[in-house]
Structure formats: structure tokens, C-alpha cells
Amino acid sequence: MRIGVVTFPGSLDDGDAARAARIAGAEAVRLWHGDPDLHGVDAVVLPGGFSYGDYLRCGAIARFAPVMESIIDAARGGLPVLGICNGFQVLCEAHLLPGALTRNQHLHFRNRDQWLKVEATNTAWTNGFTPGQEILIPVKNGEGCFVADPATLDKLEAEGRVIARYVRGNPNGSQRDIAGITNEAGNVVGIMPHPEHAVEALTGPSLDGLGFFTSVLRALAGAAAGGQLAGGQQ
Amino acid sequence: MARVVVDVMLKPEILDPQGQAVANALPRLGVTDVSSVRIGRRIEIEFDGEPDLDRAREIADKLLANPVIEDYAVRVESAAEVA
């Protein structure tokens, strides 16, 4: 399986995301923001960082990169896409996910190991977890406060599209402690903390982040076998 | 020069922590009669020819503002502002 990792100008965590994909057993394929060719990848990760310097709004300019036009089309067709941190911001700006990420309520950049409770496990990127499982992965953001209007929040909750919530402390003021969400089909997931930084004992606080990458491989294997795609309702 | 001004503001219901931080700093200046500060962004667009408000609105809606969290207003810069 080939997992593409996009590099925008200002991406920081593309190397770690590619490494996490390899550790999970995938082939990591580097995708360039200016190249609309997805090179036949089976899934895409939009990594953390400060694409285009975070100018205007986080993710606002990246959303119009040539590679994003292809990714938006493919995501609507079912391609698994994971947006981490800045990647989550890009997915919201691209309207593949609802809501927006705004300045942390306390205005401080937060960088710490963060406990999350996994909720939706029927997505392409979370099917390897168990509902209610608590995981520890790093969070590091200045604009990670998830906001949406109450109707959208209620819809996300009613449809089981909150994939993870902050527990033991909300690092940024996110509404309803939301750390990550998915689209209706379950193939597009955005998460503010960084699973790619928790894949090895040497460098991470746990190996919990690996579950996102092994989940998508399982979803893809299920799809290839013609079975029910583990991620989503397609 | 045909200049269009786009003002982008967070929607009233969206918390503006930057504005709050500024408001909280005002008492240090001796200012105690301000109840709220909200911070937005002013963007100036210069067209080659006549100012095109419809085009400016399209630019604002697609890129300059995020309608999920922000409102925007588009206007041609007044002569008074230029002077």
C-alpha cells in the first residue's frame, strides 16, 4: 500500500508522517504541493506545520495548491485522507470537514503529551482502536481551537463523527473538547494532535499514534479484498 | 488607482482571544471605560482598471474570509481615505 505525504512550503512534519507510514508497513510516497499528480497513492496524509507561513489563515492558501485540487476530488471519491494539525486546518478550509480551527483560547502555543479518548472507530483511520480507548500523543499548536455553530456540533455528535476528544485537560479551548472529526463517509479525518510523533518508543510518549496508520492499511486491505471497507459506510 | 477595501471580522459569536487580551491590557494604560475589543483584518485590493466589487466579493468569499467563522464587507476606498 502506498501512502502519499504532501509537502507544502512550510510543512514541518512531512518527514515524520512518511516515517510513521513506513513503520506501519506502507510505502511512503512524497507528494509536492505544486504537482497535481497523486502518483497512484492509496491514501494521503496532510502533515503538520505552517503551510505558506500560515499567512491569511492557517491552511487558507494551501487549500488552493495544485495538489489539493486533486486531493479534494479524490477524497470526494472515497480516497482516505488524514489531516494532522495544519493538515486538519487545510481540510476545514477545503470544506472537506466542517468547522474551523481558531487561535487557542489562552493565546499560548501548547506543546505537550496529550491524552485523548477515541470515539468513532468506524473510519478509515481509526478502525484499529476500540471505542473509549484512551491514547497518549503529542499536541503542539497555536491555533487548534475547534469551533463550529451549535447545529454543526450537534450533527457531528449525533452522527458519531467525533473521532477523538481531549481528556484530562483541553489544551486549546476546543468546543466540546473535540480533538478530531471525520466526514460523513468516514474516509476523511482531521485531528489536531500528532499521531505521527507517537510511533516509536525512542521518540514518542507511546506507540498509540501508529494505530491511525495501521488502521488505514486495514481499511485499504479490506477494500482490496472486496469486503466491507473498514472505514466508512461506502 | 482603483482600490477596494475588504474588512474581515470574526463573527460576533466567535470568541476573539486576541481582542480580549488587548482589552485586558487597556487598564494598564489607565483606560477603564472600554467594555470590548475585537480585532479584524483590513485588506486593500488594487485592480488594474475600474474597481470591480463583484470580483472583490468573490475573492473575499473564496479566500480572504472563512465564512464559517468570519464576516466580510467590501467597499471602494473613498476619496477621503485616499487623501
Of all residues in region A:40-58 being more than 20 Å from A:GLU196 (Cβ to Cβ) and more than 14 Å from every other protein chain (Cβ to nearest Cβ), which is surrounded by the most Cβ atoms within 10 Å (Cβ to Cβ)? A:GLY53
Sole miss for A:THR102 among (1) buried (at least 20 other Cβ atoms within 10 Å of the Cβ); (2) under 15 Å from the mean Cα position of the chain (by Cα); (3) within 14 Å of chain B (Cβ to nearest Cβ); (4) not aromatic (Phe, Trp, Tyr) is condition (2)
With respect to B:ALA73, is the statement that it is touching a Lys or Arg at 6+ places or on another chain (Cβ under 9 Å), of a type in the set (Gly, Ala, Ser), touching a residue at least 40 places away in the same chain (Cβ under 8 Å) and under 23 Å from A:HIS95 (Cβ atoms) true? no
Among B:ARG57, B:ARG38, B:ARG3, which is modelled with pLDDT under 95 and basic (Lys, Arg)? B:ARG3
Scanning region A:216-234 for residues that are outside any helix (DSSP H, G or I) and either modelled with pLDDT of 50 or more or surrounded by 14 or more Cβ atoms within 10 Å (Cβ to Cβ) (or both) gives A:ALA225, A:GLY226, A:GLY227, A:GLN228, A:LEU229, A:ALA230, A:GLY231, A:GLY232
Hits in region A:8-32 - residues which are within 17 Å of A:PHE88 (Cβ to Cβ) and more than 15 Å from the chain's Cα centre (by Cα): A:PHE8, A:GLY10
What number of residues within region A:154-193 are over 19 Å from A:ASN111 (Cα atoms), touching a Gly at 6+ places or on another chain (Cβ under 7 Å) and within 14 Å of chain B (Cβ to nearest Cβ)? 1
Tell me, yes or no, whether region B:1-16 has at least one residue that is among the charged types (D, E, K, R) and in contact with a Phe, Trp or Tyr (Cβ under 7 Å, 6 or more places away or on another chain). yes
Within region A:1-40, residues being in contact with a Phe, Trp or Tyr (Cβ under 9 Å, 6 or more places away or on another chain), in a loop (DSSP other than H, G, I, E, B) and over 21 Å from A:GLY211 (Cβ atoms) number 5
Please find, within region A:71-98, the residue that is farthest from the other protein chains (Cβ to nearest Cβ) out of those that are touching a Gly at 6+ places or on another chain (Cβ under 9 Å) and at positive phi. A:GLY78
Can you spot a residue in region B:14-23 that is without any contact (Cβ under 8 Å) to a residue 60 or more places away in the chain, within 24 Å of B:GLU77 (Cβ to Cβ) and charged (D, E, K, R)? no
How many residues does region A:56-75 contain that are among the charged types (D, E, K, R) and free of Cβ contacts under 8 Å to residues at least 12 places away in the same chain? 1
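Residue-by-condition table, conditions (1) more than 22 Å from A:ASP149 (Cα to Cα); (2) within 14 Å of chain A (Cβ to nearest Cβ):
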{"residue": "B:GLN18", "(1), (2)": "no, yes"}
{"residue": "B:ASN24", "(1), (2)": "yes, yes"}
{"residue": "B:ILE39", "(1), (2)": "no, yes"}
{"residue": "B:ALA56", "(1), (2)": "yes, no"}
Are any of the residues in region A:108-131 under 17 Å from the mean Cα position of the chain (by Cα), within 14 Å of chain B (Cβ to nearest Cβ) and of a type in the set (A, V, I, L, M)? no
With the requirement that a residue be over 18 Å from A:THR102 (Cα atoms) and either more than 12 Å from every other protein chain (Cβ to nearest Cβ) or surrounded by 24 or more Cβ atoms within 10 Å (Cβ to Cβ) (or both), what does region A:59-70 give you? A:ALA65, A:PRO66, A:VAL67, A:MET68, A:GLU69, A:SER70
Does B:PRO12 meet the test of being loosely packed, with under 13 Cβ neighbours inside 10 Å, within 14 Å of another protein chain (Cβ to nearest Cβ) and out of contact with any Ser or Thr (no Cβ under 8 Å at 6 or more places or on another chain)? yes
Among the numbered conditions (1) surrounded by 13 or more Cβ atoms within 10 Å (Cβ to Cβ); (2) modelled with pLDDT of 95 or more, tell me where B:PRO51 comes up short. (2)
Quick one: what pairs do we get from region A:133-149, first residue over 20 Å from A:VAL118 (Cβ atoms), second among the polar types (S, T, N, Q) and in a strand (DSSP E or B), C-beta under 8 Å, 6+ apart or different chains? A:GLU143/A:THR102; A:CYS145/A:THR102; A:VAL147/A:THR102
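The values are calculated or read from the model by the stated rules, or taken from the named source; none is laboratory data. All values reported here derive from a predicted model rather than from experimental measurement. Using ideal geometry, Cβ is built from the backbone for each residue, glycine included, and neighbour counts are taken over all protein chains shown.
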